[in-house]
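A short worksheet on the structure shown next.
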Amino acid sequence: MRTETSDTVADEEPCRRRHGRDHSTLRAMSPGPEPSSSFCVVPWMDRFVNESGFLKVCCVAEGEENYITDANGRRFHIQDDVSEADLQNSPRLVALRQAMLNGEWNPICGRCQAAERSGGGSSRTGRNHHLRQYVAEALADTSLDGTIRTPKIRHLDLRLGNYCNLTCRMCTPGASKLWIDSYDRVQPASYRLG
């Protein structure tokens with residue numbers, strides 16, 4: 001069975017075999033609708049390295065669950081000798097992709113979910129818009145178990161230190177050293193950085 005859209009023609013049968021759904025719930029088309037209400041391109045095609053060199057799922061999410069880890073829970077660092085396939089198919093990213101394809105919101109996606117519930121835009125909606133032309137390819141390369149056969153990073157965010165000449169309001173001393181003096185003025189002595 002074939003479905004016509006204004007931008008592409010998609011074969012529903014392979015999608016039904018791969019994902020157990022037809023295109024009414026999983027549109028592997030570009031730039032068509034997202035596969036689910038919680039879908040985000042980040043676990044498919046984004047790489048974020050924080051100021052300390054650790055690899056994280058997303059630059060917006062917080063907490064321990066945002067770190068990309070191996071099967072033993074060890075955080076991946078930019079200096080680790082690990083393949084892109086091993087990173088992209090880490091247990092955390094595989095589980096996150098599966099949940100998103102099923103329309104489930106992961107707790108680390110709370111900021112985006114809250115922004116969208118209040119009627120605003122989010123990092124998720126922005127990234128999905130900017131990388132929409134790659135969604136069909138990414139989904140076609142995703143196995144039923146959530147693994148990716150040929151990982152392709154389309155967005156790279158490397159924050160390799162806190163040397164920055166800006167003091168953005170939403171930032172911290174960890175990302176901009178210009179915040180250190182202001183931070184130290186309001187912190188008890190034991191928490192001061194300078």
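Determine, yes or no, whether Ile108 is in a loop (DSSP other than H, G, I, E, B), closer than 23 Å to Glu51 by Cα, within 16 Å of the chain's Cα centre (by Cα) and not hydroxyl-bearing (Ser, Thr, Tyr). No; evaluated as a whole, the condition is false for this residue.
Of the listed requirements (1) of a type in the set (Ser, Thr, Tyr); (2) open to solvent by 40 Å² or more (accessible area, probe 1.4 Å); (3) modelled with pLDDT of 60 or more, Thr25 misses just one: (3). In the stretch 58-85, the residues that are open to solvent by 80 Å² or more (accessible area, probe 1.4 Å) reach residues that are part of a helix (DSSP H, G or I) with C-beta atoms within less than 6 angstrom, at least six apart or across chains, in these pairs: Glu65/Ile108; Ala71/Pro91. Leu96 satisfies every condition listed in (1) over 20 Å from Ser36 (Cβ atoms); (2) of a type in the set (A, V, I, L, M); (3) in contact with a helix residue (DSSP H, G or I) (Cβ under 9 Å, 6 or more places away or on another chain); (4) open to solvent by less than 40 Å² (accessible area, probe 1.4 Å) except (1).
Can you find a residue in the stretch 131-144 that is modelled with pLDDT under 90 and either open to solvent by 90 Å² or more (accessible area, probe 1.4 Å) or under 22 Å from Glu65 (Cβ atoms) (or both)? Yes; the residues of the stretch 131-144 include at least one that is modelled with pLDDT under 90 and either open to solvent by 90 Å² or more (accessible area, probe 1.4 Å) or under 22 Å from Glu65 (Cβ atoms) (or both).
Regarding Tyr134, is this residue touching a Lys or Arg at 6+ places or on another chain (Cβ under 7 Å) and not in a loop (DSSP other than H, G, I, E, B)? Judged against the criteria, Tyr134 is a match.
The values are calculated or read from the model by the stated rules, or taken from the named source; none is laboratory data. Because the structure is predicted, anything quoted here is derived from the model rather than measured. So basically every Cβ, Gly included, is an ideal-geometry build from the backbone, and we count neighbours across all protein chains shown. Ligands, DNA and RNA are stripped out before the accessible areas are found, and what is left, the full protein with its side chains, is counted by its heavy atoms. Shrake-Rupley method; radii C 1.70, N 1.55, O 1.52, S 1.80 Å.
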